[in-house]
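The values are calculated or read from the model by the stated rules, or taken from the named source; none is laboratory data. Here the structure is a predicted model, which means the values were calculated and not measured. Cβ: placed from backbone, ideal geometry, glycine included. Neighbour counts: every protein chain shown.
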Amino acid sequence: ASFARTNTQKYLPHYFRKAQLEKLMICYPDPHFKRKKHRQRIVSPQLLAEYAFVLRPGGRLYVVTDVLELFEWMTNYIDAATK
């Protein structure tokens, strides 16, 4: 297991090849409560596409948060992206 604490919005494709990861964990991301800051959230359609690129088929994306509103927001985006 390895951990990388980095800005995935800028650098994720520089660290991993296509289908290289079995698991990707996002732990306690900044909730960015203000609506105008939602575009900076770590779960978005663009970033979900990048996560799908680096995850192998059948790979898992784990998200941990203690903010219910953020959890519901992220799961809505993840559900929509996986359909």
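Things worth noting here:
- Search result, residues across the range 1-33 that are at pLDDT 90 or above and basic (Lys, Arg): 17, 18, 23
- If you go through the range 28-58 and keep only what is farther than 17 Å from residue 80 by Cα and either under 13 Å from the mean Cα position of the chain (by Cα) or of a type in the set (S, T, N, Q) (or both), you end up with 28, 29, 30, 31, 40, 54, 55.
- Neighbours by Cβ (under 8 Å, 6+ apart or cross-chain): first from the range 54-71, of a type in the set (Lys, Arg); second outside any helix (DSSP H, G or I): 56/19; 56/20; 56/21; 56/22; 60/22; 60/23; 60/24
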